[in-house]
1. Largest first, what is the accessible-area ranking of 99, 155 with a 1.4 Å probe?
2. In whole percent, how big is the carbon plus sulfur part of the accessible area of the stretch 4-101, probe 1.4 Å, protein atoms only?
3. Give me the distance in nm between label points sitting 7 Å out from Cα along the Cα-to-Cβ direction at residue 192 and residue 176, one decimal.
4. For a protection proxy built on the mean count of beta-carbon atoms within 10 angstrom, sort 142-154, 66-78 highest first, please.
5. Quick one: putting +1 on the C-beta of Lys and Arg, -1 on the C-beta of Asp and Glu, what dipole do you get for the stretch 125-253 around its Cα centre, in Debye to the nearest 20?
6. Sorting 27, 95 by accessible area (1.4 Å probe), largest first, what list results?
7. Report the trypsin sites (Lys or Arg not before Pro) located in the stretch 137-241 that are in a DSSP loop and have at most 13 other Cβ atoms inside 10 Å of their Cβ, or state none.
8. Percent of accessible area on the stretch 149-253 owned by carbon and sulfur, 1.4 Å probe?
Amino acid sequence: MKYAIITGASKGLGKAITQRLITEGVHVVSVSRTENEELKKLAQEKQVYYNHFPCNLSLENEVQEVFMDIAHYIFQKNPTEILLINNAGVVEPIHKVGCMDPTPITRNIQINLIAPIYISNLFLNKAQHTNTVVQIVNITSGAAVRPIDGWSVYCSSKAGLNMFTQTTALEQAELKTPHLIIAFNPGIMDTDMQAVIRSSSTDAFKELERFKAFKENNQLVQAAVVSNALIDLVLSGDAENGKIYQINELIQK
Ligand SMILES: NC(=O)c1ccc[n+]([C@@H]2O[C@H](COP(=O)([O-])OP(=O)(O)OC[C@H]3O[C@@H](n4cnc5c(N)ncnc54)[C@H](OP(=O)(O)O)[C@@H]3O)[C@@H](O)[C@H]2O)c1
């Protein structure tokens, strides 16, 4: 039996990924602060197992407690495969270095980088001495490799996530485990995160007008298109351990 854990499943890309997985008959655990009732209904319709674990990923202790519970719950079912999608993310703080409050800095790094590291470590640990194969997808961003004025923390968190993905993949290959870890850059999507970006100021974010134009000119990609490309790759079994996938290469295929 296959289980998927999706962080940030309540909306945006995480919601679209979860909808697709439920439709494919995969049992899902959704993690976010709020629960999306549509997902629960869809799972009932499709008769797949669905459970929501509320968790504020910016709180270290809460992450540790909730994911210990999730790991305990899933491993006792002896799953053949666990798909872990570290999707939850925040873009804030959007400010130049020297103008940022300390709290949003910590929150960003905790949600975007520390939580995925902690959760990946936990699941690869628990999978030892079992027959369960763990497949991890870390949702990254083009900002991981392009410095963007006003986004120093977001760029750094996603760059860190890319390096964590590549290092973990190297270790798993050397250990000759069946586990696999990839990162995936979804491109610029029409989600609440883009609304947050558009509500920032030109003083804080130099590219504001460019990002407003993406929305006005209908250049934002729908989350459903992006999630389908990612889940097609994951379910195909063709994903390459350690690779950082870009949405464009998957859509052009
Ligand atoms: N949108 C883009 O253009 C874009 C581009 C490149 C990369 N990405 C990446 O794609 C991923 C998904 O982004 P999105 O655009 O779908 O964002 P979104 O619409 O803002 O959704 C963010 C998700 O993360 C969850 N989340 C935020 N803070 C949380 C916290 N403290 N604890 C638990 N969950 C939290 C939210 O759930 P709750 O609020 O219910 O907790 C929500 O489900 C992110 O990793 C983002 O960096 C997005």
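The values are calculated or read from the model by the stated rules, or taken from the named source; none is laboratory data. Since the model is a prediction, treat every value here as computed from it, not as a measurement. Don't worry about glycine lacking a Cβ; one is built from the backbone with ideal geometry, like all the others, and counts go over all protein chains shown. Side chains included, ligands, DNA and RNA excluded: accessible areas come from the protein's heavy atoms. Shrake-Rupley method; radii C 1.70, N 1.55, O 1.52, S 1.80 Å.
1. The ordering from most to least exposed comes out as 99, 155.
2. So the carbon and sulfur contribution to the accessible surface is 44 percent.
3. With each label point 7 Å from Cα toward Cβ, the separation is 4.7 nm.
4. 142-154, 66-78
5. So the magnitude is around 80 debye.
6. Greatest to least solvent exposure: 95, 27.
7. Sparse-neighbourhood loop trypsin sites (Lys or Arg not before Pro): 176, 206.
8. Within the stretch 149-253, the accessible surface is 51 percent carbon and sulfur.
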